[in-house]
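Input: a single structure, listed below in C-alpha coordinates.
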Amino acid sequence: MNPSLDRRSFLGSTALAGASLAATPVFAQTPAAGAGKKLKVGLIGCGGRGNGALNDFTAAAKILGLEVEVTAVGDFFKDKAEATGKRFGLAADKCFGGADNYHKVIATDCEYVLNATPPAFRPIQFAAAVEAGKHCFIEKPVAVDPVGARSVIATGEKAAAKGLAVVTGTQRRHMADYLRNKALIDAGAIGEIKGGVVQWNGTVPWIKRRNDGESNASYLAKNWLNFTELSGDHIVEQHIHNLDVAVWFLGRLPVTAVGFGGRARRETGNMFDFFSIDYDFGDDVHIHSQCRQLSGTYGRVGELFTGTEGVCMGGGKLKGKDIQVPEVKVDSDNGQVQEHVDMIRSVMAGKPLNDSKRIAEVTMVAIMGRISAYTGQLIRWSDLMTNDKSPFYNLTCTPTAADFEKGEVSLPEEKPPVPGKA
Ligand SMILES: NC(=O)c1ccc[n+]([C@@H]2O[C@H](COP(=O)([O-])OP(=O)(O)OC[C@H]3O[C@@H](n4cnc5c(N)ncnc54)[C@H](O)[C@@H]3O)[C@@H](O)[C@H]2O)c1
(Lines give C-alpha, C1' and ligand atoms only; values in the text may rest on other atoms or scores of the structure.)
Protein backbone atom coordinates (compact mmCIF):
# COMPACT_ATOMS: atom_id res chain seq x y z
CA MET A 1 0.00 0.00 0.00
CA ASN A 2 1.10 3.57 -0.59
CA PRO A 3 1.35 5.82 2.39
CA SER A 4 -2.19 6.63 3.41
CA LEU A 5 -3.68 9.89 2.25
CA ASP A 6 -6.73 11.60 3.55
CA ARG A 7 -9.79 10.42 1.66
CA ARG A 8 -10.32 13.65 -0.19
CA SER A 9 -6.86 13.50 -1.78
CA PHE A 10 -7.39 9.81 -2.38
CA LEU A 11 -10.59 10.35 -4.30
CA GLY A 12 -9.05 13.23 -6.15
CA SER A 13 -6.36 10.87 -7.40
CA THR A 14 -8.73 8.35 -8.96
CA ALA A 15 -10.29 8.72 -12.35
CA LEU A 16 -14.01 9.05 -11.74
CA ALA A 17 -16.71 8.93 -14.36
CA GLY A 18 -19.48 11.52 -14.94
CA ALA A 19 -20.21 13.77 -12.01
CA SER A 20 -23.55 12.24 -11.07
CA LEU A 21 -22.00 8.78 -11.00
CA ALA A 22 -18.85 9.70 -9.14
CA ALA A 23 -18.11 8.16 -5.78
CA THR A 24 -19.50 10.28 -3.03
CA PRO A 25 -16.69 12.69 -2.25
CA VAL A 26 -15.62 12.45 1.33
CA PHE A 27 -13.76 14.90 3.44
CA ALA A 28 -10.44 15.10 5.16
CA GLN A 29 -10.40 13.72 8.64
CA THR A 30 -9.74 17.02 10.27
CA PRO A 31 -11.66 18.02 13.39
CA ALA A 32 -14.91 19.71 12.38
CA ALA A 33 -14.80 23.48 12.48
CA GLY A 34 -17.11 24.64 15.23
CA ALA A 35 -16.52 21.64 17.51
CA GLY A 36 -18.97 21.77 20.42
CA LYS A 37 -21.70 23.21 18.20
CA LYS A 38 -25.16 21.75 18.65
CA LEU A 39 -26.71 20.28 15.50
CA LYS A 40 -30.48 20.61 15.39
CA VAL A 41 -32.21 17.74 13.65
CA GLY A 42 -35.74 16.59 12.89
CA LEU A 43 -36.80 13.07 11.90
CA ILE A 44 -39.63 12.04 9.57
CA GLY A 45 -40.52 8.35 9.69
CA CYS A 46 -40.00 6.75 13.11
CA GLY A 47 -39.64 3.10 12.13
CA GLY A 48 -36.61 0.84 12.19
CA ARG A 49 -34.41 2.89 9.88
CA GLY A 50 -35.62 6.27 11.12
CA ASN A 51 -34.63 5.41 14.67
CA GLY A 52 -31.41 3.91 13.31
CA ALA A 53 -30.65 7.04 11.28
CA LEU A 54 -31.14 9.27 14.31
CA ASN A 55 -28.76 7.05 16.30
CA ASP A 56 -26.27 7.15 13.42
CA PHE A 57 -26.53 10.94 13.08
CA THR A 58 -25.90 11.24 16.82
CA ALA A 59 -22.91 8.87 16.63
CA ALA A 60 -21.52 10.84 13.68
CA ALA A 61 -21.88 14.13 15.57
CA LYS A 62 -20.04 12.62 18.52
CA ILE A 63 -17.16 11.53 16.25
CA LEU A 64 -16.94 15.15 15.09
CA GLY A 65 -17.11 16.54 18.64
CA LEU A 66 -20.58 17.99 18.12
CA GLU A 67 -23.79 17.75 20.10
CA VAL A 68 -27.28 17.00 18.82
CA GLU A 69 -30.66 18.45 19.67
CA VAL A 70 -33.72 16.70 18.25
CA THR A 71 -36.27 19.44 17.56
CA ALA A 72 -39.20 17.25 16.45
CA VAL A 73 -40.13 13.84 15.10
CA GLY A 74 -43.01 12.78 12.85
CA ASP A 75 -44.67 9.59 11.74
CA PHE A 76 -47.99 8.72 10.12
CA PHE A 77 -48.80 7.07 13.46
CA LYS A 78 -48.52 9.48 16.38
CA ASP A 79 -47.74 6.71 18.87
CA LYS A 80 -44.67 5.74 16.84
CA ALA A 81 -43.51 9.37 16.79
CA GLU A 82 -44.03 9.58 20.55
CA ALA A 83 -42.07 6.37 21.20
CA THR A 84 -39.10 7.80 19.27
CA GLY A 85 -39.54 11.23 20.85
CA LYS A 86 -39.40 9.67 24.29
CA ARG A 87 -35.99 8.14 23.53
CA PHE A 88 -34.66 11.62 22.78
CA GLY A 89 -36.39 13.43 25.64
CA LEU A 90 -38.89 15.25 23.41
CA ALA A 91 -42.17 16.65 24.70
CA ALA A 92 -45.30 15.03 23.20
CA ASP A 93 -46.17 18.30 21.42
CA LYS A 94 -43.00 17.92 19.34
CA CYS A 95 -44.02 14.43 18.19
CA PHE A 96 -46.33 14.68 15.21
CA GLY A 97 -48.67 12.15 13.59
CA GLY A 98 -50.97 12.16 10.56
CA ALA A 99 -50.22 12.49 6.85
CA ASP A 100 -49.09 16.12 7.30
CA ASN A 101 -46.61 15.28 10.11
CA TYR A 102 -43.60 16.25 8.00
CA HIS A 103 -44.74 19.86 7.56
CA LYS A 104 -44.76 20.20 11.33
CA VAL A 105 -41.31 18.65 11.76
CA ILE A 106 -39.88 20.86 9.03
CA ALA A 107 -41.46 23.95 10.62
CA THR A 108 -39.28 23.54 13.72
CA ASP A 109 -35.84 25.18 13.76
CA CYS A 110 -33.90 22.08 12.71
CA GLU A 111 -31.01 22.53 10.25
CA TYR A 112 -31.05 18.86 9.24
CA VAL A 113 -34.00 16.66 8.33
CA LEU A 114 -33.66 12.89 8.30
CA ASN A 115 -36.27 11.16 6.15
CA ALA A 116 -36.95 7.43 6.51
CA THR A 117 -40.55 7.07 5.44
CA PRO A 118 -41.83 4.62 2.82
CA PRO A 119 -40.32 5.60 -0.56
CA ALA A 120 -43.60 6.84 -2.08
CA PHE A 121 -43.54 9.82 0.31
CA ARG A 122 -39.93 10.79 -0.38
CA PRO A 123 -40.40 13.14 -3.37
CA ILE A 124 -42.88 15.50 -1.69
CA GLN A 125 -41.32 15.32 1.75
CA PHE A 126 -37.85 15.97 0.32
CA ALA A 127 -39.19 18.89 -1.75
CA ALA A 128 -40.79 20.43 1.35
CA ALA A 129 -37.56 20.11 3.37
CA VAL A 130 -35.48 21.73 0.62
CA GLU A 131 -38.08 24.48 0.21
CA ALA A 132 -37.65 25.20 3.93
CA GLY A 133 -33.84 25.31 3.58
CA LYS A 134 -32.92 22.12 5.46
CA HIS A 135 -29.94 19.84 4.87
CA CYS A 136 -31.41 16.42 4.08
CA PHE A 137 -30.55 12.85 4.77
CA ILE A 138 -32.98 10.85 2.64
CA GLU A 139 -33.15 7.08 2.78
CA LYS A 140 -33.04 5.08 -0.42
CA PRO A 141 -34.96 4.60 -2.67
CA VAL A 142 -36.20 8.10 -3.38
CA ALA A 143 -39.30 7.36 -5.46
CA VAL A 144 -41.53 4.57 -6.72
CA ASP A 145 -42.28 5.85 -10.23
CA PRO A 146 -40.59 7.79 -13.05
CA VAL A 147 -42.42 11.02 -12.25
CA GLY A 148 -41.23 10.90 -8.65
CA ALA A 149 -37.63 10.05 -9.57
CA ARG A 150 -37.42 12.94 -12.05
CA SER A 151 -38.87 15.31 -9.44
CA VAL A 152 -36.08 14.35 -7.04
CA ILE A 153 -33.52 15.44 -9.63
CA ALA A 154 -35.27 18.81 -9.90
CA THR A 155 -35.45 19.18 -6.11
CA GLY A 156 -31.77 18.27 -5.88
CA GLU A 157 -30.94 21.14 -8.24
CA LYS A 158 -32.84 23.51 -5.94
CA ALA A 159 -30.92 22.12 -2.97
CA ALA A 160 -27.63 22.76 -4.78
CA ALA A 161 -28.66 26.33 -5.57
CA LYS A 162 -29.44 26.87 -1.88
CA GLY A 163 -26.17 25.30 -0.71
CA LEU A 164 -27.94 22.42 1.04
CA ALA A 165 -26.51 18.97 1.59
CA VAL A 166 -28.41 15.92 0.35
CA VAL A 167 -27.04 12.55 1.41
CA THR A 168 -28.74 9.24 0.89
CA GLY A 169 -28.69 5.86 2.60
CA THR A 170 -26.49 4.00 0.11
CA GLN A 171 -23.95 3.15 2.76
CA ARG A 172 -21.70 1.07 0.48
CA ARG A 173 -20.53 4.40 -1.01
CA HIS A 174 -19.12 5.31 2.41
CA MET A 175 -17.47 1.97 3.23
CA ALA A 176 -13.69 1.60 2.96
CA ASP A 177 -13.74 -1.79 1.19
CA TYR A 178 -16.10 -0.62 -1.55
CA LEU A 179 -14.25 2.69 -1.96
CA ARG A 180 -10.94 0.84 -2.25
CA ASN A 181 -12.26 -1.60 -4.88
CA LYS A 182 -13.80 1.25 -6.85
CA ALA A 183 -10.41 3.00 -6.85
CA LEU A 184 -8.65 -0.21 -7.92
CA ILE A 185 -11.11 -0.71 -10.78
CA ASP A 186 -10.68 2.89 -11.91
CA ALA A 187 -6.92 2.34 -11.82
CA GLY A 188 -7.34 -0.66 -14.16
CA ALA A 189 -6.86 -3.53 -11.68
CA ILE A 190 -9.39 -5.81 -13.43
CA GLY A 191 -9.11 -4.26 -16.88
CA GLU A 192 -12.37 -3.30 -18.55
CA ILE A 193 -15.57 -4.57 -16.93
CA LYS A 194 -17.31 -6.83 -19.45
CA GLY A 195 -20.22 -8.08 -17.31
CA GLY A 196 -21.43 -9.07 -13.90
CA VAL A 197 -24.16 -10.18 -11.58
CA VAL A 198 -25.74 -8.29 -8.69
CA GLN A 199 -27.95 -10.08 -6.19
CA TRP A 200 -30.21 -9.60 -3.22
CA ASN A 201 -31.67 -13.03 -2.73
CA GLY A 202 -33.29 -13.29 0.69
CA THR A 203 -36.57 -13.55 2.51
CA VAL A 204 -39.66 -11.35 2.97
CA PRO A 205 -38.65 -8.93 5.74
CA TRP A 206 -42.17 -8.75 7.23
CA ILE A 207 -45.88 -8.53 6.51
CA LYS A 208 -48.55 -6.72 8.51
CA ARG A 209 -52.21 -7.74 8.39
CA ARG A 210 -55.16 -5.40 8.11
CA ASN A 211 -57.14 -4.95 11.33
CA ASP A 212 -60.95 -5.00 11.28
CA GLY A 213 -62.26 -1.55 10.38
CA GLU A 214 -58.75 -0.17 9.65
CA SER A 215 -58.68 2.59 7.02
CA ASN A 216 -56.95 2.07 3.66
CA ALA A 217 -54.44 4.78 4.57
CA SER A 218 -53.54 3.17 7.88
CA TYR A 219 -53.22 -0.30 6.37
CA LEU A 220 -51.01 0.94 3.54
CA ALA A 221 -48.80 3.12 5.77
CA LYS A 222 -48.34 0.10 8.04
CA ASN A 223 -47.93 -2.70 5.45
CA TRP A 224 -46.13 -0.47 2.93
CA LEU A 225 -43.33 -2.98 2.36
CA ASN A 226 -45.72 -5.25 0.45
CA PHE A 227 -47.32 -2.72 -1.92
CA THR A 228 -45.61 -1.46 -5.07
CA GLU A 229 -47.35 1.91 -4.76
CA LEU A 230 -45.61 2.54 -1.42
CA SER A 231 -42.30 0.66 -1.70
CA GLY A 232 -41.65 0.43 -5.45
CA ASP A 233 -41.43 -3.39 -5.01
CA HIS A 234 -38.35 -5.00 -3.51
CA ILE A 235 -36.22 -4.57 -6.64
CA VAL A 236 -36.50 -0.84 -5.95
CA GLU A 237 -36.75 -0.87 -2.17
CA GLN A 238 -33.98 -3.35 -1.35
CA HIS A 239 -32.03 -4.50 -4.41
CA ILE A 240 -31.27 -0.84 -5.24
CA HIS A 241 -28.16 -1.21 -3.04
CA ASN A 242 -26.62 -3.74 -5.45
CA LEU A 243 -27.78 -1.94 -8.58
CA ASP A 244 -26.15 1.18 -7.16
CA VAL A 245 -22.82 -0.65 -6.92
CA ALA A 246 -23.13 -1.75 -10.58
CA VAL A 247 -23.81 1.80 -11.77
CA TRP A 248 -21.04 3.16 -9.55
CA PHE A 249 -18.35 0.63 -10.52
CA LEU A 250 -19.22 0.77 -14.23
CA GLY A 251 -19.45 4.55 -14.15
CA ARG A 252 -22.48 4.64 -16.41
CA LEU A 253 -26.18 3.92 -16.61
CA PRO A 254 -27.93 1.08 -18.44
CA VAL A 255 -29.52 1.68 -21.81
CA THR A 256 -32.25 -0.97 -21.63
CA ALA A 257 -33.72 -3.56 -19.29
CA VAL A 258 -35.46 -6.84 -20.13
CA GLY A 259 -36.75 -8.69 -17.12
CA PHE A 260 -38.80 -11.52 -15.74
CA GLY A 261 -40.49 -11.84 -12.41
CA GLY A 262 -43.38 -13.40 -10.59
CA ARG A 263 -45.08 -14.22 -7.38
CA ALA A 264 -45.14 -17.62 -5.74
CA ARG A 265 -46.07 -17.16 -2.11
CA ARG A 266 -46.40 -13.55 -0.95
CA GLU A 267 -49.40 -13.32 1.36
CA THR A 268 -50.36 -9.64 1.23
CA GLY A 269 -50.04 -6.72 -1.15
CA ASN A 270 -49.36 -6.80 -4.88
CA MET A 271 -45.61 -7.24 -5.30
CA PHE A 272 -43.56 -9.92 -6.99
CA ASP A 273 -41.51 -12.44 -5.01
CA PHE A 274 -38.65 -12.55 -7.51
CA PHE A 275 -37.07 -10.66 -10.40
CA SER A 276 -34.39 -11.53 -12.92
CA ILE A 277 -33.34 -8.61 -15.12
CA ASP A 278 -30.84 -8.26 -17.92
CA TYR A 279 -29.49 -4.71 -17.89
CA ASP A 280 -27.69 -3.70 -21.08
CA PHE A 281 -25.06 -1.08 -20.27
CA GLY A 282 -24.02 -0.64 -23.90
CA ASP A 283 -20.70 -1.68 -25.51
CA ASP A 284 -21.79 -5.35 -25.12
CA VAL A 285 -21.69 -5.11 -21.34
CA HIS A 286 -24.59 -6.78 -19.52
CA ILE A 287 -25.30 -6.97 -15.81
CA HIS A 288 -27.59 -9.69 -14.56
CA SER A 289 -29.70 -8.48 -11.65
CA GLN A 290 -31.42 -11.04 -9.42
CA CYS A 291 -33.55 -10.40 -6.40
CA ARG A 292 -35.85 -12.66 -4.47
CA GLN A 293 -37.80 -12.49 -1.23
CA LEU A 294 -38.70 -16.13 -0.65
CA SER A 295 -37.98 -18.00 2.58
CA GLY A 296 -36.31 -21.39 2.24
CA THR A 297 -34.42 -20.54 -0.96
CA TYR A 298 -30.70 -20.03 -1.63
CA GLY A 299 -29.69 -16.64 -0.32
CA ARG A 300 -26.91 -14.31 -1.40
CA VAL A 301 -26.47 -10.57 -1.27
CA GLY A 302 -23.58 -9.09 -3.22
CA GLU A 303 -22.02 -8.11 -6.51
CA LEU A 304 -19.54 -9.67 -8.93
CA PHE A 305 -17.89 -7.94 -11.88
CA THR A 306 -15.82 -9.71 -14.52
CA GLY A 307 -13.16 -7.64 -16.23
CA THR A 308 -10.79 -8.36 -19.09
CA GLU A 309 -7.99 -8.82 -16.53
CA GLY A 310 -9.62 -9.83 -13.31
CA VAL A 311 -12.68 -10.17 -11.11
CA CYS A 312 -14.11 -8.05 -8.29
CA MET A 313 -16.65 -9.16 -5.71
CA GLY A 314 -18.28 -5.85 -4.69
CA GLY A 315 -16.51 -4.67 -1.55
CA GLY A 316 -14.79 -8.06 -1.11
CA LYS A 317 -12.11 -10.04 -2.90
CA LEU A 318 -10.50 -8.50 -5.98
CA LYS A 319 -8.30 -10.64 -8.24
CA GLY A 320 -6.40 -8.78 -10.90
CA LYS A 321 -3.32 -6.72 -11.61
CA ASP A 322 -1.10 -5.74 -8.69
CA ILE A 323 -1.93 -2.05 -8.56
CA GLN A 324 -1.39 0.18 -5.54
CA VAL A 325 -3.98 2.71 -4.46
CA PRO A 326 -3.86 4.90 -1.39
CA GLU A 327 -5.45 3.46 1.74
CA VAL A 328 -9.01 4.64 2.38
CA LYS A 329 -9.48 5.94 5.88
CA VAL A 330 -12.90 6.06 7.51
CA ASP A 331 -14.00 7.50 10.82
CA SER A 332 -16.37 4.61 11.39
CA ASP A 333 -16.45 1.07 10.03
CA ASN A 334 -20.24 1.41 10.01
CA GLY A 335 -21.19 2.90 6.63
CA GLN A 336 -24.48 4.09 8.08
CA VAL A 337 -22.57 6.25 10.58
CA GLN A 338 -19.92 7.28 8.08
CA GLU A 339 -22.54 8.65 5.66
CA HIS A 340 -23.67 11.09 8.36
CA VAL A 341 -20.07 12.00 9.22
CA ASP A 342 -19.48 12.79 5.56
CA MET A 343 -22.70 14.81 5.32
CA ILE A 344 -22.04 16.92 8.43
CA ARG A 345 -18.38 17.44 7.55
CA SER A 346 -19.33 18.58 4.05
CA VAL A 347 -21.72 21.16 5.47
CA MET A 348 -19.13 22.42 7.94
CA ALA A 349 -16.56 22.66 5.14
CA GLY A 350 -19.02 24.76 3.11
CA LYS A 351 -19.01 22.13 0.33
CA PRO A 352 -22.27 20.28 0.84
CA LEU A 353 -22.56 16.83 -0.70
CA ASN A 354 -25.48 16.43 -3.04
CA ASP A 355 -26.42 12.84 -3.91
CA SER A 356 -29.84 13.75 -5.36
CA LYS A 357 -29.19 13.12 -9.02
CA ARG A 358 -27.31 9.88 -8.64
CA ILE A 359 -29.78 8.34 -6.18
CA ALA A 360 -32.71 9.41 -8.36
CA GLU A 361 -30.97 7.83 -11.35
CA VAL A 362 -30.31 4.57 -9.55
CA THR A 363 -33.88 4.54 -8.26
CA MET A 364 -34.91 4.90 -11.92
CA VAL A 365 -32.66 2.00 -12.93
CA ALA A 366 -34.51 -0.22 -10.46
CA ILE A 367 -37.90 1.12 -11.59
CA MET A 368 -36.89 0.35 -15.19
CA GLY A 369 -36.26 -3.29 -14.27
CA ARG A 370 -39.55 -3.51 -12.40
CA ILE A 371 -41.57 -2.09 -15.29
CA SER A 372 -39.93 -4.53 -17.67
CA ALA A 373 -40.75 -7.51 -15.44
CA TYR A 374 -44.33 -6.33 -14.77
CA THR A 375 -45.11 -5.67 -18.43
CA GLY A 376 -42.87 -8.20 -20.15
CA GLN A 377 -41.53 -5.43 -22.40
CA LEU A 378 -38.07 -4.10 -23.17
CA ILE A 379 -37.74 -0.75 -21.39
CA ARG A 380 -35.33 1.93 -22.55
CA TRP A 381 -33.70 4.47 -20.22
CA SER A 382 -35.02 7.12 -22.60
CA ASP A 383 -38.61 5.83 -22.05
CA LEU A 384 -38.38 7.00 -18.46
CA MET A 385 -36.08 10.01 -18.68
CA THR A 386 -36.61 11.85 -21.97
CA ASN A 387 -39.24 10.33 -24.28
CA ASP A 388 -42.50 11.88 -23.14
CA LYS A 389 -44.35 9.87 -25.83
CA SER A 390 -43.50 6.64 -24.02
CA PRO A 391 -46.45 5.08 -22.13
CA PHE A 392 -44.12 4.73 -19.14
CA TYR A 393 -42.76 8.28 -19.00
CA ASN A 394 -45.65 9.61 -16.92
CA LEU A 395 -46.31 6.40 -14.99
CA THR A 396 -47.59 7.37 -11.54
CA CYS A 397 -48.32 4.85 -8.81
CA THR A 398 -51.61 5.52 -7.02
CA PRO A 399 -52.54 6.21 -4.33
CA THR A 400 -49.92 8.94 -4.32
CA ALA A 401 -48.40 10.68 -1.32
CA ALA A 402 -50.66 13.65 -2.08
CA ASP A 403 -53.72 11.36 -1.89
CA PHE A 404 -52.75 10.49 1.69
CA GLU A 405 -52.79 14.17 2.61
CA LYS A 406 -56.12 14.69 0.87
CA GLY A 407 -57.50 11.68 2.73
CA GLU A 408 -58.46 9.99 -0.55
CA VAL A 409 -56.72 6.66 -0.37
CA SER A 410 -57.95 3.75 -2.45
CA LEU A 411 -56.61 0.27 -1.80
CA PRO A 412 -54.75 -1.27 -4.75
CA GLU A 413 -55.92 -4.74 -5.66
CA GLU A 414 -53.92 -7.27 -3.65
CA LYS A 415 -52.71 -9.26 -6.64
CA PRO A 416 -49.59 -8.92 -8.78
CA PRO A 417 -49.34 -7.70 -12.38
CA VAL A 418 -49.42 -10.24 -15.21
CA PRO A 419 -46.64 -9.74 -17.80
CA GLY A 420 -48.01 -9.20 -21.28
CA LYS A 421 -51.14 -7.65 -19.82
CA ALA A 422 -49.85 -5.07 -17.33
N1 LIG B 1 -30.04 2.02 3.96
C2 LIG B 1 -30.49 0.88 4.42
O3 LIG B 1 -29.73 -0.08 4.57
C4 LIG B 1 -31.92 0.73 4.80
C5 LIG B 1 -32.31 -0.31 5.65
C6 LIG B 1 -33.68 -0.41 5.96
C7 LIG B 1 -34.59 0.47 5.42
N8 LIG B 1 -34.17 1.46 4.58
C9 LIG B 1 -35.13 2.40 3.98
O10 LIG B 1 -35.66 3.24 5.00
C11 LIG B 1 -37.01 3.55 4.73
C12 LIG B 1 -37.86 3.12 5.93
O13 LIG B 1 -37.71 1.72 6.12
P14 LIG B 1 -37.90 1.04 7.58
O15 LIG B 1 -37.23 -0.27 7.51
O16 LIG B 1 -37.50 2.00 8.63
O17 LIG B 1 -39.46 0.81 7.60
P18 LIG B 1 -40.44 0.92 8.86
O19 LIG B 1 -41.77 0.39 8.46
O20 LIG B 1 -39.77 0.32 10.06
O21 LIG B 1 -40.53 2.48 9.08
C22 LIG B 1 -41.25 3.33 8.23
C23 LIG B 1 -41.97 4.31 9.11
O24 LIG B 1 -42.59 5.32 8.31
C25 LIG B 1 -43.88 5.57 8.85
N26 LIG B 1 -44.71 6.21 7.85
C27 LIG B 1 -45.54 5.66 6.91
N28 LIG B 1 -46.07 6.63 6.16
C29 LIG B 1 -45.59 7.82 6.62
C30 LIG B 1 -45.78 9.17 6.27
N31 LIG B 1 -46.57 9.53 5.26
N32 LIG B 1 -45.13 10.13 6.99
C33 LIG B 1 -44.34 9.80 8.03
N34 LIG B 1 -44.13 8.52 8.41
C35 LIG B 1 -44.73 7.56 7.70
C36 LIG B 1 -44.37 4.21 9.32
O37 LIG B 1 -45.42 4.31 10.25
C38 LIG B 1 -43.09 3.64 9.93
O39 LIG B 1 -42.96 3.99 11.28
C40 LIG B 1 -37.35 2.83 3.43
O41 LIG B 1 -37.18 3.68 2.34
C42 LIG B 1 -36.33 1.71 3.36
O43 LIG B 1 -36.05 1.31 2.06
C44 LIG B 1 -32.85 1.62 4.29
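Some points to look at:
- Residue within the range 375-389 that is of a type in the set (Lys, Arg), part of a helix (DSSP H, G or I) and assigned by TED's automatic domain parsing to the domain that holds Val255 present: no
- Only one of the numbered conditions (1) within 16 Å of the ligand (Cβ to nearest atom); (2) of a type in the set (D, E, K, R); (3) more than 21 Å from the chain's Cα centre (by Cα) is not met by Glu327, and that is (1).
- Set side by side, the residues Gly232, Gly169, Gly156 differ, and just one is on the phi > 0 side of the Ramachandran plot and not basic (Lys, Arg), which is Gly232.
- Search result, residues across the range 310-322 that are surrounded by 14 or more Cβ atoms within 10 Å (Cβ to Cβ) and farther than 30 Å from Thr58 by Cβ: Gly310, Val311, Cys312, Met313, Leu318, Gly320, Lys321
- Tallying residues that are over 26 Å from Ala189 (Cβ atoms), within 16 Å of the ligand (Cβ to nearest atom) and either aliphatic (A, V, I, L, M) or touching a Lys or Arg at 6+ places or on another chain (Cβ under 8 Å) (or both) within the range 241-274 yields 2.
- Residues in the range 218-234 that are within 13 Å of the ligand (Cβ to nearest atom) and closer than 18 Å to Thr396 by Cβ: Leu220, Trp224, Phe227, Glu229, Leu230, Ser231, Gly232, Asp233.
- Every pair of residues 6+ apart whose Cβ atoms lie under 9 Å, when the first sits in the range 158-169 and is charged (D, E, K, R) while the second is part of a strand (DSSP E or B): none
- Within the range 224-255, restricting attention to residues that are in a loop (DSSP other than H, G, I, E, B) and of a type in the set (A, V, I, L, M, F, W, C), the residue that is farthest from Gly307 (Cα to Cα) is Phe227.
- Test: residue in the range 286-303 that is at pLDDT 95 or above, away from the ligand (no atom under 16 Å from the Cβ), under 21 Å from the mean Cα position of the chain (by Cα) and among the hydrophobic types (A, V, I, L, M, F, W, C): yes
For every residue, the table says whether it meets (1) touching a Cys at 6+ places or on another chain (Cβ under 9 Å); (2) more than 29 Å from Glu408 (Cα to Cα); (3) at pLDDT below 95; (4) not acidic (Asp, Glu).
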site	(1), (2), (3), (4)
Thr58	no, yes, no, yes
Phe77	yes, no, no, yes
Gly85	yes, no, no, yes
Leu90	no, yes, no, yes
Gly97	no, no, no, yes
Tyr102	no, no, no, yes
Val105	no, no, no, yes
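- Considering only residues in the range 28-50 that are among the β-branched types (Val, Ile, Thr) and modelled with pLDDT of 95 or more, the one that is farthest from the ligand (Cβ to nearest atom) turns out to be Val41.
- Restricting the first member to the range 66-81 and to residues that are of a type outside the set (Phe, Trp, Tyr), and the second to residues that are within 8 Å of the ligand (Cβ to nearest atom) and in a strand (DSSP E or B), the beta-carbon pairs closer than 7 Å and six or more apart or on different chains are Gly74/Ile44; Ala81/Gly74.
The values are calculated or read from the model by the stated rules, or taken from the named source; none is laboratory data. Because the structure is a prediction, the values reported are computed rather than measured. Glycine gets a Cβ as well: all are built from the backbone with ideal geometry, and neighbour counts include every protein chain shown.
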